[in-house]
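The next block holds one structure in the form of structure tokens; read it before the comments.
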Amino acid sequence: MKFSIALALTALQATTVLSSQVLTRKGKGFEGCATKPFGCGENGWCWNQCADAGEWCWTAYEHGKGDWKTCKEDAECDPSRDSSVSCAMGDCDTCGCSCT
């Protein structure tokens, strides 16, 4: 019985990982490429895909120069909801458009 429970939990975990897009900050850069156009990071900040190869950026108000946009769910990060939100710019380690 131990084997089948472990197998079921492993399958459930794999399904969860494959079905969700989680982008996280790793050191001074980004970890992973985006597979959807926008979302809410596990840290509560919005991100948008900014290039065709999956590169993405954290988003900020005032066309990228203001405070970073916060969120609790992906729908809040839809760029069509606020035209003043763009890729974060400035002197920060995690500004810019990247996958690495």
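Count of the range 85-100 residues, restricted to those that are in contact with an Asp or Glu (Cβ under 6 Å, 6 or more places away or on another chain), in a loop (DSSP other than H, G, I, E, B) and modelled with pLDDT of 85 or more, is 1. Number of residues in the range 31-63 that are among the small types (Gly, Ala, Ser), part of a loop (DSSP other than H, G, I, E, B) and closer than 14 Å to Asp82 by Cβ: the value is 0.
Do we find that Thr35 is modelled with pLDDT under 85, surrounded by 10 or more Cβ atoms within 10 Å (Cβ to Cβ), out of contact with any Lys or Arg (no Cβ under 8 Å at 6 or more places or on another chain) and β-branched (Val, Ile, Thr) in this structure? No: the conditions fail for Thr35. Might you let me know whether the range 72-84 holds any residue that is in contact with a helix residue (DSSP H, G or I) (Cβ under 9 Å, 6 or more places away or on another chain) and modelled with pLDDT of 90 or more? Among the residues of the range 72-84, at least one is in contact with a helix residue (DSSP H, G or I) (Cβ under 9 Å, 6 or more places away or on another chain) and modelled with pLDDT of 90 or more, which makes the answer yes. Among residues of the range 71-100 that are under 21 Å from Gly54 (Cβ atoms), those with a Cβ under 6 angstrom from a residue that is at pLDDT 85 or above and acidic (Asp, Glu), sequence gap 6+ or separate chain, pair up as Cys97/Glu55; Ser98/Glu55; Cys99/Glu55. On the basis of being modelled with pLDDT of 95 or more and touching a strand residue (DSSP E or B) at 6+ places or on another chain (Cβ under 6 Å), does Cys50 make the cut? Considered against the rule, which asks whether it is modelled with pLDDT of 95 or more and touching a strand residue (DSSP E or B) at 6+ places or on another chain (Cβ under 6 Å), Cys50 comes out as no.
Taken as a whole, the range 56-75 holds at least one residue that is among the hydroxyl-bearing types (Ser, Thr, Tyr) and either at positive phi or touching a Ser or Thr at 6+ places or on another chain (Cβ under 6 Å) (or both).
Residues of the range 52-84 that are touching an Asp or Glu at 6+ places or on another chain (Cβ under 9 Å) and basic (Lys, Arg): Lys69 alone.
The values are calculated or read from the model by the stated rules, or taken from the named source; none is laboratory data. All values derive from a computational prediction rather than experimental measurement. Cβ sites come from the backbone with ideal geometry, for glycine too, and all protein chains shown count toward neighbours.
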